[in-house]
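The values are calculated or read from the model by the stated rules, or taken from the named source; none is laboratory data. Predicted model, so just to flag it, every value in this text is computed and none were measured. Methodologically, a virtual Cβ is constructed for each residue, glycine included, from the backbone with ideal geometry; neighbour enumeration extends over all protein chains shown.
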Amino acid sequence: MINTLVGDFSREEFMLSGHNACSGCGPAIAMRFIMKVAASGAVVVIPASCWSIISGVVPLRSLKTVVLHCPFPAAAATGGGIKKGLEAVGDSRTQVIVLAGDGGTFDIGLQGISGAAERNEDIIFICYDNEAYMNTGTQKSSATPYGSYSATTPAPKVKSDPKKDIMEIVAAHRVPYAATATIAFPGDLSQKIQRALETKGFRFIHILTPCPEGWGSPADITVKLSRLAVLTRLFPLYEIKNGAEYKLNFLPEDYLPVNEYLKPQKRFASLDKLQIEHIQESVENHWKELCCKTGTRK
């Protein structure tokens, strides 16, 4: 098992203060950790997303590295092109990190991701997943979970479909490395970023990043919600190598009921007992599948 609690982070800050993120912003916390591992030796590609705003506008900036903004669907293609350009001038060391939200990953950017994964482009694609289009007002994405409120879900404004399984989609491309992570387990996150940096080819990291504004949760429990997502098994921490080798990185000693995660969030406030039981059953089924793939007995 990965040491989930203690991360190997630089003392230097590569994300500057004074940025435009909301209080308790999960994506901002995640990027601070990412940059402490990747340092300034990376080009960061950002499509339309919350991080388009957080990263700042010239001459202001929040990241101490090169940042390139690109159209919503083009992040993976842009990242691949930059990497090819760097290699063409003899630079094989600079890492290219694509940072996209769930809209730019699960939905609008999925075709480009599939193409880059199929070509095994030498880039790291990181999805910070706050489970809706938060930058424009909490519109539903295919990462929005069952039972969640959104501004664009028809009355009674609760999503009736399950969340898209992006990890299985990526795994189907047989990419060298894919992993899930959260900001509540910094050791796990730092080691996965490091493994991605040391691996060649297309690498994918899916990070759950709570959004207080969109989730209707207090700003001071962002990390707690990330931890509860893992302890309830709604968001397991695991890795996939070459699309086939699954490894579970954290096994909770006691499984918490999903309602422990749901109840602090206003977006799930309308759920009734049967709907919560449905979510619990879905979690149990997915966990059994994951345990089977990882050879875990629990």
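Quick look at the values:
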{"quantity": "Any hit, the stretch 90-100, residues being among the basic types (Lys, Arg) and more than 22 Å from residue 198 (Cβ to Cβ)", "calculated": "no"}
{"quantity": "Hits in the stretch 165-190 (condition: closer than 11 Å to residue 33 by Cβ, of a type outside the set (Asp, Glu) and out of contact with any Lys or Arg (no Cβ under 8 Å at 6 or more places or on another chain))", "calculated": "183, 186, 187, 189"}
{"quantity": "Options 199, 209, 222: the member that is farther than 14 Å from residue 27 by Cα and among the polar types (S, T, N, Q)", "calculated": "199"}
{"quantity": "Every pair of residues 6+ apart whose Cβ atoms lie under 8 Å, when the first sits in the stretch 203-231 and is modelled with pLDDT of 95 or more while the second is among the acidic types (Asp, Glu) and assigned to a helix (DSSP H, G or I)", "calculated": "228/260; 231/260"}
{"quantity": "Scan of the stretch 106-129 for residues that are in a helix (DSSP H, G or I) and touching a His at 6+ places or on another chain (Cβ under 8 Å), ordered by number", "calculated": "114, 117, 118"}
{"quantity": "Index of the failed condition, residue 28 passing every other in (1) buried (at least 17 other Cβ atoms within 10 Å of the Cβ); (2) at pLDDT below 95; (3) not in a loop (DSSP other than H, G, I, E, B)", "calculated": "(2)"}
{"quantity": "Qualifying residue in the stretch 164-182 (condition: acidic (Asp, Glu), in contact with a Cys (Cβ under 9 Å, 6 or more places away or on another chain) and under 22 Å from residue 49 (Cα atoms))", "calculated": "no"}
{"quantity": "Filtered residues of the stretch 52-69 (kept if more than 19 Å from the chain's Cα centre (by Cα) and over 20 Å from residue 33 (Cβ atoms))", "calculated": "57, 58, 59, 60, 68"}
{"quantity": "So residue 221, is it among the β-branched types (Val, Ile, Thr) and either assigned to a helix (DSSP H, G or I) or over 16 Å from the mean Cα position of the chain (by Cα) (or both)", "calculated": "yes"}
{"quantity": "Hits in the stretch 232-255 (condition: surrounded by fewer than 20 Cβ atoms within 10 Å (Cβ to Cβ) and more than 20 Å from residue 295 (Cβ to Cβ))", "calculated": "254"}
{"quantity": "Residue check, residue 149 among the hydroxyl-bearing types (Ser, Thr, Tyr) and closer than 24 Å to residue 40 by Cβ", "calculated": "no"}
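The rows are residues; the columns are (1) buried (at least 23 other Cβ atoms within 10 Å of the Cβ); (2) under 23 Å from residue 139 (Cβ atoms).
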| residue | (1), (2) |
| --- | --- |
| 178 | yes, no |
| 184 | yes, no |
| 187 | no, no |
| 192 | yes, no |
| 197 | no, no |
| 202 | yes, no |
| 210 | yes, yes |
| 219 | no, yes |
| 224 | no, no |
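Listed here are the residues, each with its yes/no results for (1) under 19 Å from residue 125 (Cβ atoms); (2) crowded, with 22+ Cβ neighbours inside 10 Å.
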{"site": "18", "(1), (2)": "no, no"}
{"site": "40", "(1), (2)": "no, no"}
{"site": "44", "(1), (2)": "yes, yes"}
{"site": "47", "(1), (2)": "yes, yes"}
{"site": "52", "(1), (2)": "yes, no"}
{"site": "71", "(1), (2)": "yes, no"}
{"site": "75", "(1), (2)": "yes, yes"}
{"site": "81", "(1), (2)": "yes, no"}
{"site": "91", "(1), (2)": "no, no"}
